[in-house]
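The values are calculated or read from the model by the stated rules, or taken from the named source; none is laboratory data. This one's a predicted model, so the numbers in the text were calculated from it and none came from an experiment. Positions of Cβ are generated from backbone atoms using ideal geometry, with glycine treated the same way; all protein chains shown enter the neighbour counts. All accessible areas refer to the heavy atoms of the entire protein, side chains included, with ligands and DNA or RNA removed. Shrake-Rupley method; radii C 1.70, N 1.55, O 1.52, S 1.80 Å.
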Amino acid sequence: MPWFGAIEEFSDAKNISETKRDDDPDQEVLPRVIEKTVLPKITGFVKNVWDPLSTSQTKNLVQLCKNVLEKQVLSKTECSRAKEDLMNTVVLRMKKSVEEDVFIPLYPKSIVEDKSSLCSKFQERRFWSAFKLLSNVLLWDGIVQEDTVRDLGLSKLLNRYLLLNLLNTPPGPDNIEKCNKVVACLPERWFQSLKSGSTLPELQNFCQHLLRCARTLHKNNHSNETKEVLLLLLKVKALHIVEDFIEEHKLEHLKSMIGK
């Protein structure tokens, strides 16, 4: 809006040296205006309009928050009440969506193995809806506190809902596709500081599921699919599991995967 551009031009923060910026109260004008007018407006939108199940809405909202909060960094006030209210509202809205919008029914394997059955189709729709919410929650990494994002995305959505469906799906292309999608939406930076060969604590159950899939696929001589599952384990830094599997089944030709 014109008024925002005028204030930004007045502050002209980009063209002022760091030393001068510290002593210049004009630099506080834009962050304070954002705090008083823009952040409450976004908070109201989050509370009353935003649908966490909508990927387009979530991407737009995340980008908006990044842009606005970058302007806030210029302020000497480290954590404003308006920003805190916005982040709390985002978290509460996501929690509500996890509690109210996610439902994955469990049917006997004999029923869901028939892909044309209504039960199977319904279960698949509910799985992909829950996965969509997972990927949208993870988009907030870097804005919302990491512990909160991991709790909502991994502890609640993945371990309580999605994993139950994965455990009920026979090892094969469908299961691998679902696991691939889950791994692909995990923020890479979560794994950058892991050096022990073990994955995140919240992914232990998911990794055990992948290990069971690998064992079943190897037993049935599906070598390509087995390798694909092992690669997923490596992507989440579960190196010890892959090393033990290769050693256990004497798969010398796969040692190059782990750099040996």
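Taking the criterion of being open to solvent by 30 Å² or more (accessible area, probe 1.4 Å), part of a helix (DSSP H, G or I) and of a type in the set (A, V, I, L, M, F, W, C), the only residue of the range 51-68 that qualifies is L64. Listed by first and then second residue, the pairs linking a residue in the range 113-125 that is open to solvent by 70 Å² or more (accessible area, probe 1.4 Å) to a residue that is assigned to a helix (DSSP H, G or I), with Cβ atoms under 7 Å apart and 6 or more places separating them unless they lie on different chains, are D114/S120.
Yes or no, residue by residue, for (1) touching a helix residue (DSSP H, G or I) at 6+ places or on another chain (Cβ under 8 Å); (2) assigned to a helix (DSSP H, G or I):
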position: M87; (1), (2): no, yes
position: V91; (1), (2): yes, yes
position: E99; (1), (2): no, yes
position: S116; (1), (2): no, no
position: C119; (1), (2): yes, yes
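Do we have any residue at all in the range 71-79 that's at pLDDT 95 or above, surrounded by 12 or more Cβ atoms within 10 Å (Cβ to Cβ), assigned by the TED database to the domain that holds P31 and part of a helix (DSSP H, G or I)? No, the range 71-79 has no match at all.
Listed here are the residues, each with its yes/no results for (1) open to solvent by less than 10 Å² (accessible area, probe 1.4 Å); (2) within 16 Å of L232 (Cα to Cα); (3) under 14 Å from the mean Cα position of the chain (by Cα).
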{"position": "Y161", "(1), (2), (3)": "no, no, no"}
{"position": "L164", "(1), (2), (3)": "no, no, no"}
{"position": "N175", "(1), (2), (3)": "yes, yes, no"}
{"position": "K181", "(1), (2), (3)": "no, yes, yes"}
{"position": "P187", "(1), (2), (3)": "no, yes, yes"}
{"position": "F191", "(1), (2), (3)": "no, yes, yes"}
{"position": "K195", "(1), (2), (3)": "no, no, no"}
{"position": "L200", "(1), (2), (3)": "yes, yes, yes"}
{"position": "Q204", "(1), (2), (3)": "no, yes, no"}
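What residue, among those in the range 101-134 that are in contact with a Pro (Cβ under 9 Å, 6 or more places away or on another chain) and closer than 11 Å to L53 by Cα, is modelled with the lowest pLDDT? The selected residue is D101.
Every residue, every condition in (1) assigned by the TED database to the domain that holds N205; (2) within 30 Å of L86 (Cα to Cα); (3) over 10 Å from the mean Cα position of the chain (by Cα); (4) not aliphatic (A, V, I, L, M), yes or no:
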{"position": "I111", "(1), (2), (3), (4)": "yes, no, yes, no"}
{"position": "D114", "(1), (2), (3), (4)": "yes, no, yes, yes"}
{"position": "L118", "(1), (2), (3), (4)": "yes, no, yes, no"}
{"position": "R125", "(1), (2), (3), (4)": "yes, no, yes, yes"}
{"position": "W128", "(1), (2), (3), (4)": "yes, yes, yes, yes"}
{"position": "L138", "(1), (2), (3), (4)": "yes, yes, no, no"}
{"position": "L152", "(1), (2), (3), (4)": "yes, yes, no, no"}
{"position": "K156", "(1), (2), (3), (4)": "yes, yes, yes, yes"}
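Tallying residues that are hydrophobic (A, V, I, L, M, F, W, C), part of a loop (DSSP other than H, G, I, E, B) and modelled with pLDDT under 95 within the range 186-205 yields 2. If you take the residues in the range 223-250 that are in contact (Cβ under 8 Å) with a residue 12 or more places away in the chain and outside any helix (DSSP H, G or I), which one is most open to solvent (accessible area, probe 1.4 Å)? So the residue we want is K237.
Condition check ((1) modelled with pLDDT of 75 or more; (2) among the polar types (S, T, N, Q); (3) open to solvent by less than 100 Å² (accessible area, probe 1.4 Å); (4) closer than 30 Å to L134 by Cβ) across all residues:
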{"site": "M1", "(1), (2), (3), (4)": "yes, no, no, no"}
{"site": "A13", "(1), (2), (3), (4)": "no, no, yes, no"}
{"site": "D23", "(1), (2), (3), (4)": "no, no, no, no"}
{"site": "R32", "(1), (2), (3), (4)": "yes, no, no, no"}
{"site": "E35", "(1), (2), (3), (4)": "yes, no, yes, no"}
{"site": "F45", "(1), (2), (3), (4)": "yes, no, yes, yes"}
{"site": "V49", "(1), (2), (3), (4)": "yes, no, yes, yes"}
{"site": "A82", "(1), (2), (3), (4)": "yes, no, yes, yes"}
{"site": "N88", "(1), (2), (3), (4)": "yes, yes, yes, yes"}
